[in-house]
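First comes the structure, then the notes that go with it.
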Amino acid sequence: MRPTRQLWGIGLLTLSTAALAVVFSHPLMLGATALLGTWILAHQYRFYRDLDRMRRTLSVEQTPDRTGLRTGETTTVTVRTTLEPSPLSLTVVPGLPTATVAQSESRSTTLEVDPGSTGGSTTIPLECPVAGRHQFDQATVLATDGWFREELDIGPTPTLTVDARAPREVHVGSGGDPVSVVQGQHTTSHSGSGLTPAELREYVPGDNIDRIDWKATARLATVHIREYEPETDQPTTIVVDHRAALDAGPDGETKLDYVRDVALSMVVSARRLGDPVGLLAVGNDGITERMDHATEPAQYRRIRQYLFDLEPTLGSRSGNGTRNSTSGPSRQPAHTPGVGQNDIAPTTARVALRELESGGHSAFSRTLGPFYRHRQTYRTDIESEPLRGAIRTVVRRRNRRALMVLCTDDSDRVALTEAVHVARTGGSRVLVLITPSVLFDAESPAALEESFDRYVAFEEFRRKLDRLEGVTALEVGPREQLATVLATDHSRSSVSPSRGVSDG
Amino acid sequence: MDNHSLVADLPIETAEYRWVEIGALLGLSLCFWLAFGAVGVVAGVLTAGVWSLFGVPYAVAVGHVALVSSLAATGVGTMTLAVWGVEVGFGGLVLGSVARRPAPVTLTVVTAASTLALAGLVWAVQSRSVTVAAGVTVVVIALACYSVHRYQLVALGLVSETENSPRSETDYDESVSSPRENP
């Protein structure tokens, strides 16, 4: 219970009457002091009674429109109060989580309840820029009768779960069935030197005399050779296609995001097994990064970091807006307020870009020039069909045990088929991870009807690749969207896509 | 407890209840006139004017200044019945302001008891010294207000738990076994 300014005025008046009693030296003036003291005490007690009654009848609800959302999304919170008529004036301040930002003016984020009212409600738009589990505080109710005021924390504390913009459920599989791409121990049909004993066999002419197991020879009376399981590793080359076509899909859930997720899991698997791993990143105009096979911890870290930073190469896409990016990893956040949103005339932008490329002497060029030149480098420029050309540069150096993981999409199926043929020329195994475009296109409900047919066509293409010797082709995409596509045609739901393809 | 019945006797302040204050003002103005004549009429009008402009507390303060001034100007003794009538009128004014809304019995009791207690205190102490009486009155009022404030905090459960709860882990009762020790 805190006094308002008006009550402080009454308190000062009380002290003044006491002082005047001393000045006048007249005890009758103290009657005013006593009466004003009575007035303050009576109003204080009445405020307590009103507050107690109000508190017992008041209920405050804070109801988020959605309890689960993604970073940057906006939701609304409805603050609703109900109470019996009270002489107190109430101001309800919702306990918004610290990590949220109210999208309206501060005045409209509170709910005013006038004396005698039975409640009210207000809706507050809210943005959640930070991922995590955010719990509301209790709503703060400021009650006053004009002389005193008090703050009460009332109501439940709902929770808001904000997920980062990233693939939620990554499906890797074939024909809608999940398949694991994480590798286990490698098998081999050969035996040789190593640490783990495999078998004993009799000596045959031509065997190295150093491999004779003398204890076994003494025990068995004939010369024996001990074979060991050879130490094997599987060099893995991860080819990541990050051309503009991989930018399809909602923010944070593009084809590249799904491809990146699977590629990262491949790196983790390789590190666990100690397999040498290399990386080849392919942009619109050629190779943007190449890392040769290595097993050093720094190599795995480097590849992981590169994958995390990878952005689609220069290109534009329709739908959710235009995203401009340069080749290679971009340190720039996908959504920087103010960047790319300025109303600059296209001509002005082109002139500035030309000046930047030619190394002009303006402040703009001098400032951005070093960064721009650094970011525009391609390791190898490939004019026609960059994916195939990029793979060709690494196939020459590969061995038969090597595994090439090709992460791309199906936007150009002919070119992809040719790229897979090139990858197979060295005789090594190829794992093709394809993001079906049908799962990333923002379609109208009418177009959704055709999505099943498009998916069946993709599945036919995938199976065609999968039938190639030494090639495993799998689909990568959002599990939820895939289930939606498979459920679009109930009449065909009894026949799975794979079955439909095999029937055809 | 039925919440509806709890607040049913608490309508919002209405103009009708101001008639109590108006009646008290008329009474004290009459007493002013009886005690001091024309000077008393001026004092009564002044009190009523301040009441209508600034409210009861300021009217009580200004009215008392007018009362003491009238006593000094006219030489009328303090022990006059009309003077006590004025004082009773001021008391009615305070009670009227408290009763602007129908007050529960406890509030009436609090008001009446406070008035009597403070008046008795002033009466008891003023014989020694007006200065002492003024000091004691102010201190007693401040203590009473603080007591009501603390009572409200406890009754409404607004006392911060951190004032009493242990601050560090070592302050917790170690005799209580943790779930890990006693699954």
Neighbour net charge for A:GLY11 - beta-carbon separation under 14 angstrom, K R +1, D E -1: +2
For B:TRP33, solvent-accessible area (1.4 Å; no DNA, RNA or ligand), Å²: 130
Around A:LEU30, what is the net charge, scoring Lys/Arg as +1 and Asp/Glu as -1 over all other residues with Cβ under 13 Å from its Cβ? 0
Please list, in order, the residues from segment A:253-292 whose amide nitrogen is less than 13 Å from a point placed 7 Å along the Cα→Cβ vector of A:ASP309. A:289-290
Within 10 Å of each Cβ in B:54-65, how many Cβ atoms from other chains are there, averaged over the peptide? 6
Å³ per residue of the Cα convex hull, for segment B:39-152? 127
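Once B and A are treated as a pair rather than alone, how much accessible area drops out, both sides summed, in Å² to 100, probe 1.4 Å?
Summing both chains' loss of accessible area gives about 4700 Å².
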Ordering A:LYS464, A:LYS215, A:LYS255 by the accessible surface of their heavy atoms, 1.4 Å probe, largest first, yields A:LYS215, A:LYS464, A:LYS255
When you look at the Cβ of every residue in B:144-151, what mean number of other chain Cβ atoms sits within 10 Å? 4
Taking R0 as 51 Å and r as the Cβ-Cβ distance between A:ALA198 and A:ALA487, the FRET efficiency 1/(1 + (r/R0)^6), rounded to the nearest 0.05, comes to 0.50
Pop a pseudo-label 7 angstrom from the Cα along the beta-carbon direction at both A:ALA457 and A:HIS361 and give the gap in nm to one decimal. 5.7
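Which three numbers, in whole Å and largest first, are the semi-axes of the equivalent ellipsoid of segment B:104-160 derived from its Cα gyration tensor as √(5λ)?
Gyration-tensor ellipsoid for segment B:104-160: 27, 16, 5 Å.
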Accessible-area order (highest first, 1.4 angstrom probe) of the listed residues A:ARG133, A:ARG271, A:ARG301: A:ARG133, A:ARG301, A:ARG271
At a Förster radius of 30 Å, what calculated FRET efficiency corresponds to the Cβ-Cβ distance of B:ALA124 and B:ILE22, to the nearest 0.05? 0.35
Ignoring ligands, DNA and RNA, what percent of the 1.4 Å accessible area of segment B:104-160 is carbon and sulfur? 74
Using a probe radius of 1.4 Å on heavy atoms only, what accessible surface per residue do you get for segment A:2-56? Whole Å² is fine. 38
Heavy atoms only, 1.4 Å probe, whole protein assembly: order B:LEU25, A:LEU12, A:LEU468 by accessible area, highest first. A:LEU12, A:LEU468, B:LEU25
Tell me which residues come under 5 Å, amide H to amide H, from A:ALA248 once H is placed; ignore anything under 5 positions away on its chain. A:LYS255, A:LEU256
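At 1.4 Å probe size, with the rest of the protein present, what percent of the exposed accessible area of segment A:2-56 is carbon and sulfur atoms?
61
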Contour minus Cα-Cα span, A:ILE154 to A:THR222, at 0.36 nm per residue, comes to 15.5 nm
Test item: A:147-154 mean partner chain Cβ contacts at 10 Å: 1
The base-10 log of I(q)/I(0) that the Debye equation returns for segment A:58-163 at q = 0.11, 0.12, 0.23, 0.24 Å⁻¹, one scatterer per C-alpha, is -0.34, -0.40, -1.17, -1.25
Taking 7 Å along the Cα-to-C-beta vector as the label spot, tell me the A:GLU112-A:THR78 distance in nanometres, rounded to one decimal. 2.3
Step by step: find N for segment A:2-56, compute 2.2 N^0.38 Å, then divide the Cα radius of gyration by it. What's the final number? 1.40
To the nearest 0.05, how large is the calculated FRET efficiency for A:GLN103 and A:SER59 if R₀ is 22 Å and r is the Cβ-Cβ distance? 0.30
A chain fully extended from B:LEU116 to B:VAL45 at 0.36 nm per residue, minus the present Cα-Cα distance, gains in nm 22.8 nm
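The values are calculated or read from the model by the stated rules, or taken from the named source; none is laboratory data. Model, not experiment: these values are computed from the prediction. Counting neighbours? That spans all protein chains shown, and the Cβs are built from the backbone with ideal geometry, glycine included. Each accessible area value is taken on the protein alone, full model and side chains, heavy atoms only, with ligands, DNA and RNA left out. Shrake-Rupley method; radii C 1.70, N 1.55, O 1.52, S 1.80 Å.
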